[in-house]
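Presented below is the structure to which this report refers.
The values are calculated or read from the model by the stated rules, or taken from the named source; none is laboratory data. On a predicted model such as this, the values are computed, not experimentally measured, just so you know. When we count neighbours, we look across all protein chains shown, and the Cβ atoms used for this are built from the backbone with ideal geometry, even at glycine.
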């Protein structure tokens, strides 16, 4: 198939150059997962009456938070080119462009928020998608499983490497259905939803990362369900608990 070109360069080359530009803004200390080790016994959780939310604690003033936010701003300019490339040049890049769950809604968005356990401003590196324990979780693109098991505040986590510096993370799972090194396909069942780790209730913490930096997953979620969910401005002002257990940094 003849490649599309932009100013003499293929779309693949053009997008990869922009990806690298965004990535060199700053290095994230959380780009690679640390060794997980055996799963610790879950800590008791205080009663929580708000929406199900969670995620790693990343202080809003930290270098990692600043780098992720700057990388996300750069990333937004890439999205349309990525979508075109995914459709035109099959196999060049695996873009996580389908929903990880059948019914999509949000209890917490990407960006700076009030941490649900500490009550202080913190970076949320993904989106929180609520649902009952046992809700099926699907891979959003083809790839290879880099991690499947316990990972600190994420609880049970699956991380998939999609190539070209793109990865997705699926956290707080009740059950992991894939193993390290497994090859998965877009839409494949990989796990069941839960509330393990640093979580106030059953939900999926979903991240998209580019060269180690967290970027907003929302642009990828382009179905009608996403359009309805994204118009609900209340997701930016969700009350969160401030009396939960101490954070697991």
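Within the range 188-202, identify whether any single residue is crowded, with 17+ Cβ neighbours inside 10 Å, modelled with pLDDT under 90 and under 23 Å from residue 144 (Cα atoms), and answer yes or no. Checked against the condition, which is being crowded, with 17+ Cβ neighbours inside 10 Å, modelled with pLDDT under 90 and under 23 Å from residue 144 (Cα atoms), the range 188-202 yields no hits at all. Filter the range 144-183 down to the residues that are at pLDDT 95 or above, on the phi > 0 side of the Ramachandran plot and assigned to a strand (DSSP E or B) and list them by number. Those that are at pLDDT 95 or above, on the phi > 0 side of the Ramachandran plot and assigned to a strand (DSSP E or B): 149, 172.
The numbered conditions (1) at pLDDT below 95; (2) crowded, with 24+ Cβ neighbours inside 10 Å; (3) touching a helix residue (DSSP H, G or I) at 6+ places or on another chain (Cβ under 7 Å); (4) over 22 Å from residue 97 (Cα atoms) are all true for residue 248 except (2).
Among the residues of the range 222-238, is there at least one that is modelled with pLDDT under 95, crowded, with 19+ Cβ neighbours inside 10 Å and farther than 17 Å from residue 99 by Cβ? Taking every residue of the range 222-238 in turn, none turns out to be modelled with pLDDT under 95, crowded, with 19+ Cβ neighbours inside 10 Å and farther than 17 Å from residue 99 by Cβ.
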